[in-house]
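The block underneath contains the structure these notes are about, expressed in structure tokens.
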Amino acid sequence: MKHITATAALVLSSILSAFAGPDCDSCKRPKSTVNEADYKIVSASVTHNKKWGQLEFEIIVQGQAGKSTSKPAGKMNGAPVDGYVFPTTLSPEDVGFSKTAGILALAITAHPDFDDTPLWDENGDGDYRNDKIVWHPHWVVLVEDKRVPGGLSVKEFDPADKSVVLPKTNPGMPMYMDSPGFQVVTEGKAIRIVVPDYRVRFRTSFKYDAVAAYMQVVTGEGGEHAKGDNMPMLGVYKVYSVLSKNLSLPYQVK
């Protein structure tokens, strides 16, 4: 556990450059429609509910959680992704990825330009392809990436690499990303998500932090993200807030 925490702190420390880095509007970001108070984290918790066998994640913000989101780009290349993220000391294998280096994080996201949860109908209208702006979860593996102002991106892999294993609920992208379908609830200043114990292989004791960030998709002008492209497929471009301030992942599941 100590080794994982130290590694997490080392990688995540790069995200601090977002506060001093270039503004995202200079990174081809659409004019922001986000109220940053909605992404100013004031507290967070992860509670293990033994009675119901589940982990209950919660972030409290200064404004209204999940109320404001980014303006659509109108295409996949440059599409915005807003997120509330729990970096953890869990390992990628705990949620069904093959062994790989990086930080496993639970990200609650919304994005107006695409739907990446093909197995789930989050708005309950019978159409599994139109849940773009509905807040929903992803497991992601984060790695340091100095190409983007936020210093992190979702780890990618070569689609031809047959050794890579993803959870069965993955959205079919060449990234360490899963779309697990957990329930997300927004209520006033709070955004919450519930994870059954068995979905983390009963690893209910771990450390975490809480981050709110703006991310962006890069697919290339042709719409296909090729190996060797200059920018990551999904990178962090702006950090709105970090609960611990120093990204030491100091918080423990209660």
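The values are calculated or read from the model by the stated rules, or taken from the named source; none is laboratory data. The shown structure was predicted, so the numbers you read here are calculated from the model rather than taken from an experiment. Glycine also receives a Cβ, built like all others from the backbone with ideal geometry; neighbour counts cover every protein chain displayed.
State the number of residues belonging to segment 44-78 that are in contact with a helix residue (DSSP H, G or I) (Cβ under 8 Å, 6 or more places away or on another chain) and of a type in the set (S, T, Y).
Counting residues in segment 44-78 that are in contact with a helix residue (DSSP H, G or I) (Cβ under 8 Å, 6 or more places away or on another chain) and of a type in the set (S, T, Y) gives 1.
Name every residue in segment 59-73 that is part of a loop (DSSP other than H, G, I, E, B), of a type outside the set (D, E, K, R) and either out of contact with any Pro (no Cβ under 9 Å at 6 or more places or on another chain) or buried (at least 19 other Cβ atoms within 10 Å of the Cβ) (or both), in order of residue number.
Taking segment 59-73 first, the residues part of a loop (DSSP other than H, G, I, E, B) are 62-73.
Narrowing the set further to residues that are of a type outside the set (D, E, K, R) leaves 62-66, 68-70, 72-73.
Scanning segment 59-73 gives Q62, G63, Q64, A65, G66, S68, T69, S70, A73.
So the check is Cβ under 9 Å with 6+ separation or different chains; which pairs have a first residue in segment 144-156 that's among the β-branched types (V, I, T) and a second one that's part of a loop (DSSP other than H, G, I, E, B) and crowded, with 24+ Cβ neighbours inside 10 Å?
Between residues of segment 144-156 that are among the β-branched types (V, I, T) and residues that are part of a loop (DSSP other than H, G, I, E, B) and crowded, with 24+ Cβ neighbours inside 10 Å, the close pairs are V154/Y176.
Mind listing just one residue for me: the one in segment 179-209 that is aliphatic (A, V, I, L, M) and crowded, with 20+ Cβ neighbours inside 10 Å and, of those, nearest to K51 (Cα to Cα)? Walk me through how you get there before you give the answer.
First pass over segment 179-209, keeping only residues aliphatic (A, V, I, L, M): 184-185, 190-191, 193-195, 200.
This time we only want the ones that are crowded, with 20+ Cβ neighbours inside 10 Å, so: 184, 191, 193, 195, 200.
On the way: V184: 20, I191: 22, I193: 17, V195: 14, V200: 17 Å.
For segment 179-209, the residue satisfying everything is V195.
Can you confirm whether V81 is modelled with pLDDT of 80 or more and crowded, with 19+ Cβ neighbours inside 10 Å? Break it down stepwise before answering.
Numbers: modelled with pLDDT of 80 or more: yes; crowded, with 19+ Cβ neighbours inside 10 Å: yes.
Judged against the criteria, V81 is a match.
In the set P180, P137, which member is modelled with pLDDT under 95 and in contact with a helix residue (DSSP H, G or I) (Cβ under 9 Å, 6 or more places away or on another chain)?
Numbers: P137 fails: in contact with a helix residue (DSSP H, G or I) (Cβ under 9 Å, 6 or more places away or on another chain).
Every option except P180 fails the conditions.
Among (1) in contact with a Lys or Arg (Cβ under 7 Å, 6 or more places away or on another chain); (2) over 26 Å from N246 (Cα atoms); (3) not acidic (D, E), where does Q54 come up short?
(1)
For T117, are the conditions met, namely being surrounded by 20 or more Cβ atoms within 10 Å (Cβ to Cβ), under 22 Å from T219 (Cβ atoms), at pLDDT below 80 and not hydrophobic (A, V, I, L, M, F, W, C)?
yes
I need the full set of residues from segment 165-177 which are out of contact with any helix residue (DSSP H, G or I) (no Cβ under 8 Å at 6 or more places or on another chain) and either without any contact (Cβ under 8 Å) to a residue 40 or more places away in the chain or buried (at least 16 other Cβ atoms within 10 Å of the Cβ) (or both), in order please.
First, the residues of segment 165-177 that are out of contact with any helix residue (DSSP H, G or I) (no Cβ under 8 Å at 6 or more places or on another chain): 165-166, 168-175, 177.
Within segment 165-177, L166, T169, N170, P171, M173, P174, M175, M177 qualify.
If you take the residues of segment 229-247 that are within 19 Å of V46 (Cα to Cα) and at pLDDT 95 or above, which of them is farthest from the chain's Cα centre (by Cα)?
S244
Given (1) hydrophobic (A, V, I, L, M, F, W, C); (2) at pLDDT 95 or above; (3) surrounded by fewer than 20 Cβ atoms within 10 Å (Cβ to Cβ), where does A226 come up short, assuming only one miss?
Of the numbered conditions (1) hydrophobic (A, V, I, L, M, F, W, C); (2) at pLDDT 95 or above; (3) surrounded by fewer than 20 Cβ atoms within 10 Å (Cβ to Cβ), the odd one out for A226 is (2).
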